[in-house]
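Peer 1: Provided herewith is a single structure, encoded as structure tokens, for subsequent inquiry.
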Amino acid sequence: MITKPSIRTMLLTGLALWPLTLNAQGIEFAPELPLGDGTVRAFAEVAADGTPTRIGIEMTEEAIATLGPDMVFLTVPLPDAATEAGYDHVSLDWMPHGHAPGDLFGAPHFDVHFYLLTEAERLAIDPAAPLFMEKAANRPTADLMPPNYVPPPELDPIPAMGEHWLDATDPVFSGRPFEAVMIYGAWDGALIFAEPMVTRDLLLSQRDFGGNLGQPARVAQAVALPNAWSVSFDADRRVHVVSIDALEARTPGDEAGGPETN
């Protein structure tokens with residue numbers, strides 16, 4: 001994980017973090033949605049050839065500052081470039097009281113799910129659906145998930161989400177306070193989302209945070225998977241940005257590129 005120097009400084013000095021915007025030639029925005037007293041919208045950065053390189057959301061200062069004690073669940077549409085990369089929508093959840101396990105993730109935070117499923121497919125992850133637990137038990141093989149990511153020790157399917165796989169090497173498991181972590185989601189044998197999970201305190205601090213990501217050894221469908229992720233603050237436009245970065249186009253039968261470990 002990287003907190004200092006800033007992600008912007010690392011990009012300019014050529015340090016180890018994968019480049020986030022150096023190759024970006026354009027940016028596409030999806031429509032704004034209300035969030036608190038502010039707004040949220042998704043974006044996709046693209047290279048000169050139109051290839052998506054980064055997908056994220058930006059939330060205004062007013063949104064972060066005014067969300068109250070009630071949970072918020074919001075489906076944020078993605079621009080066309082993001083859907084061409086294999087993503088369908090963002091499911092943005094405001095968790096003012098955190099969630100289980102409370103000893104790790106009890107702080108107020110945002111869950112930012114970048115879904116490969118359609119919203120209808122996601123909502124069909126329903127305990128009332130036939131084969132719900134069978135699909136949960138059909139976990140992906142390790143080579144379909146990024147290195148170091150492991151499932152819950154016991155089946156733990158979350159309705160309208162799936163199962164959450166965590167990086168076993170993340171410092172949060174060694175006692176570092178939770179500020180932000182990167183999670184992947186799985187359902188019925190497939191990787192279905194990438195999820196930065198970010199505390200409101202980190203956003204309010206306006207500090208950069210992020211890290212490199214490994215690639216699965218193989219993929220079951222064409223998708224552009226991130227080699228990095230980041231949390232940042234754009235001081236000029238006064239927006240908080242959460243994104244998956246350095247996207248790498250993958251197809252079934254290819255070999256993993258990028259860093260081999262997190």
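The values are calculated or read from the model by the stated rules, or taken from the named source; none is laboratory data. This is a predicted model, so every value here is computed, not measured. Ideal geometry is used to build each Cβ from the backbone, glycine not excepted, and the neighbour counts take in all protein chains shown. Remember, those area values only see protein heavy atoms, side chains included, never the ligands or the DNA or RNA. Shrake-Rupley method; radii C 1.70, N 1.55, O 1.52, S 1.80 Å.
Peer 1: By the scheme Lys and Arg +1, Asp and Glu -1, what is the net charge of all other residues having a beta-carbon under 12 Å from that of LEU117? Walk me through the numbers on the way to the answer.
Peer 2: On the way: positive: ARG122; negative: ASP88, GLU119, GLU121, ASP188.
Charge balance near LEU117 sits at -3.
Peer 1: Restricted to Cα positions, what overall size does segment 94-225 have along the principal axes? Three whole-Å values, descending.
Peer 2: Cα extents, longest axis first: 43, 33, 26 Å.
Peer 1: Of [x] 46, 41, 38; [y] 49, 44, 38; [z] 47, 37, 35, which one was derived for Cα extents along the principal axes in Å from the structure shown?
Peer 2: For Cα extents along the principal axes in Å, the calculated option is [y].
Peer 1: So for the chain, averaging the separation of alpha carbon pairs under 8 Å that are six or more residues apart and normalising by length, what relative contact order in percent results? Display every interim value, and only then the final one.
Peer 2: Values: 642 pairs, mean separation 50.4, N = 262.
For the chain, the relative contact order is 19 percent.
Peer 1: What accessible area per residue, rounded to a whole number of Å², is obtained for segment 104-262 using a probe radius of 1.4 Å?
Peer 2: Working: 6390 Å² over 159 residues.
With the other protein chains kept in place, segment 104-262 gives 40 Å² per residue.
Peer 1: Distance in nm between label sites at PHE132 and ALA65, each 7 Å beyond Cα in the beta-carbon direction?
Peer 2: In this crude label model, PHE132 to ALA65 measures out at 4.2 nm.
Peer 1: Separate question: How much net charge surrounds ASP37 when only other residues with a Cβ under 15 Å from its Cβ are counted (Lys, Arg +1; Asp, Glu -1)? List each step's numbers first, then the result.
Peer 2: Numbers: positive: ARG200, ARG238; negative: GLU32, GLU61, GLU62, ASP70.
In short, -2.
Peer 1: Would you mind listing how long segment 183-228 runs along its three principal axes, going by Cα atoms, in whole Å with the largest first?
Peer 2: The principal-axis extents, from largest down, are 39, 20, 13 Å.
Peer 1: Find the relative contact order for segment 58-146 and round it to a whole percent, using C-alpha pairs within less than 8 Å whose residues are 6+ positions apart.
Peer 2: 21 percent.
Peer 1: Ignoring ligands, DNA and RNA, what percent of the 1.4 Å accessible area of the chain is carbon and sulfur?
Peer 2: Details: 6250 of 11420 Å².
Summing carbon and sulfur atoms, their accessible area is 55 percent of the total for the chain.
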